[in-house]
Amino acid sequence: MADRVTVIGWDGSPLTEAALGALGAASLVAGAAHHLTLPEVPPGAERIRLGSVGLAARRIARHRGTAVVIADGDPGFFGVVRTLRDPEHGLEVEVLPAVSSVAAAFARAGMPWDDAQVVVAHERNLRRAVNVCRAHPKVAVLTSPGAGPAELALLLRDVHRTFVICEELGGAHERVTVLTSDKVAEHVWRDPNVTLVIGGGIGAGAGPTTAGGAAAPAAGGWLAGHDAGYPPPVRGWSLAPAEYGAAPDEGEAPHLRAVQLARLGPRQGDLVWDIGAGSGAAAVEAARFGAAVIAVDRDPDACARASAAARRFGVLLQTVHGTAPGVLNDLPEPDVVRVGGGGAAVVAECAARRPERIVAHARTRDGAEEVVRALTDAGYAVECSLLQSVDLDPQAPADAGSGAGWRERERTVVFLVAGSRAG
């Protein structure tokens, strides 16, 4: 095993005395091509060009002598340190970090970044990275070949964002470009790069606001990855329809909504379709889990209410006005789907897009059987439950005869159908 392994972060600035000392004593140096040409690299040292960090780590582990690994920015932030520290290699490392590429990118843009999301995009997870950009107003994307700014912009489609694209930060060919998302795909970008995806409004919605509808204050927050308005002004989940601007008799019972969301399990990186969004209650609550959400409704007033609810709770979502299933054809692929209206025909259309989970409900057994059949025919494992919730008024005056004081205000009986994709 190597006698000593020092990992040096490089951001284009002059190397520190500690970094110069480590390089001067190195008998093996690993790094990218532009690192290995640095004049401080000893001419007699073995040089390894970093491609696969795992392969380089195995070579370093077999080396007898002192080794240095040079990496851009902070090598402990989505960098090589994680692989080098893997127990498989048995390496003990000393880390000399530089300014991370994400911090440098936001500095070039003149923006704070404690409220930003940071994602790593590869071809295999590009869609999930895009969903984070849909769901959050400030995202730094560490790109890779095949998952760069052009691909991000194409998948974002009709969601407007501003891109700050930072190429070769700290190098001789550094370039910072600011474009709206509709222009990004027209250009060729050097890989890899750091792309900042910035924007507060999606579709009919807008950025995070206070409970009264005003823009959230610009004061600093207290938790990384969230804006200054976090947590939202309203506490709780599965709230009454009135919390979302709906009339008391509008929308689904909060208890049904809670079970629907529990079966869907929306999470960061997911795209949720909420079809028949109504007041937007389910869409907003899915967005509060960090998922990207598209709320679909044939009623333009319902779309407006969903956008207003999103502003109140400080989340981003996209509203689409149209009638399912036809309107679904142009939407990006969902991870999970809630069908609040449209019945078996809409459920079948959604199942054809192969989301991981679909939930729907029906007021009658016949309707539930049709939904079950649509999911089963599509190869989904299906569960069906009969849910009953009774809203009581515990402060109602007691009846003279019975002495009972809990008056029933509303009773809801509904079949909940949930499908999970096999395999």
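At a Förster distance of 30 Å, what's the computed FRET efficiency of residue 157 paired with residue 413, Cβ-Cβ distance as r, to 0.05?
With a Förster radius of 30 Å, E is 0.15.
If I model a spin label at residue 242 and residue 111 as a point 7 Å from the Cα along the Cα→Cβ vector, what separation in nanometres do I get?
3.9 nm
With every protein chain kept in the model, how would you rank 180, 195 by accessible area, 1.4 Å probe, largest at the top?
Largest accessible area first, the residues go 180, 195.
Taking the Cα centre of the chain as origin, work out the dipole magnitude from +1 charges on Lys and Arg Cβ and -1 charges on Asp and Glu Cβ, in debye rounded to 20.
Rounded to the nearest 20 debye, it is 600 debye.
Average projected area of the Cα convex hull of the stretch 81-142, in nm²?
Details: hull surface 23.8 nm².
Its average projected convex-hull area is 5.9 nm².
Return the equivalent ellipsoid semi-axes of the stretch 103-203 as a descending list in whole Å, where each equals the square root of 5 times an eigenvalue of the C-alpha gyration tensor.
Semi-axes (√(5λ), whole Å): 18, 16, 13.
For the pair residue 78/residue 224, report the inter-label distance in nm, with labels modelled 7 Å from Cα in the Cβ direction.
With each label point 7 Å from Cα toward Cβ, the separation is 1.3 nm.
Sorted by accessible area (1.4 Å probe), largest first, how do 16, 37 line up?
The ranking, largest first, comes out as 37, 16.
Give the residue from 325, 60, 376 lying farthest towards the positive end of the charge dipole for the chain; charges sit on Cβ (+1 for Lys and Arg, -1 for Asp and Glu) and the dipole is referred to the Cα centre.
60
Peptides 303-312, 289-298: what's the order by average Cβ count within 10 Å, highest mean first?
Going by the mean number of other Cβ atoms within 10 Å, highest first, we get 289-298, 303-312.
Among 98, 133, 110, which residue has its Cα furthest toward the positive end of the charge dipole of the stretch 91-137, with +1 on Lys/Arg Cβ and -1 on Asp/Glu Cβ?
The listed residue farthest towards the positive side: 133.
With a 1.4 Å probe and every protein chain left in place, work out the accessible area per residue of the chain in Å², rounded to a whole number.
Details: 19870 Å² over 423 residues.
On a per-residue basis, 47 Å².
Within the stretch 51-77, which residues have the backbone N less than 11 Å from the label spot 7 Å out from residue 3 along Cα→beta-carbon, could you tell me?
Label zone hits: 64-67.
Largest first, what is the accessible-area ranking of 194, 390 with a 1.4 Å probe?
Per-residue accessible area, sorted high to low, gives 390, 194.
How much of the DSSP beta bridge set in the chain is antiparallel, as a percent to the nearest 5?
The antiparallel proportion sits near 50 percent.
Given R₀ = 35 Å, FRET efficiency for residue 353-residue 174 by Cβ-Cβ distance, to 0.05?
0.25
Give a quick list of trypsin sites (Lys or Arg not before Pro) in the stretch 24-120 that DSSP marks as loop, anything other than H, G, I, E or B, with at most 12 other Cβ atoms within 10 Å.
64
Is the shape of the chain rounded, prolate or oblate, going by the alpha carbon gyration tensor and its root eigenvalues a ≥ b ≥ c, with a/c under 1.5 for rounded and a/b larger than b/c for prolate?
Here the chain falls in the prolate category.
Shape call for the stretch 42-89 from the C-alpha gyration tensor, a ≥ b ≥ c root eigenvalues: rounded (a/c under 1.5), prolate (a/b greater than b/c) or oblate?
Verdict is oblate for the stretch 42-89.
Please report the accessible area of residue 243 (heavy atoms, 1.4 Å probe, ligands and nucleic acids excluded) in Å², nearest 10.
Surface open to solvent at residue 243 totals about 60 Å².
Got a number for carbon plus sulfur as a percent of the chain's accessible area, 1.4 Å probe?
Working: 10450 of 19870 Å².
Its accessible area is 53 percent carbon and sulfur atoms.
The values are calculated or read from the model by the stated rules, or taken from the named source; none is laboratory data. Treat the numbers as computed from the prediction; the structure is a model and nothing was measured. When we count neighbours, we look across all protein chains shown, and the Cβ atoms used for this are built from the backbone with ideal geometry, even at glycine. Calculation scope for accessible area: heavy atoms of the full protein, side chains included, ligands and nucleic acids excluded. Shrake-Rupley method; radii C 1.70, N 1.55, O 1.52, S 1.80 Å.
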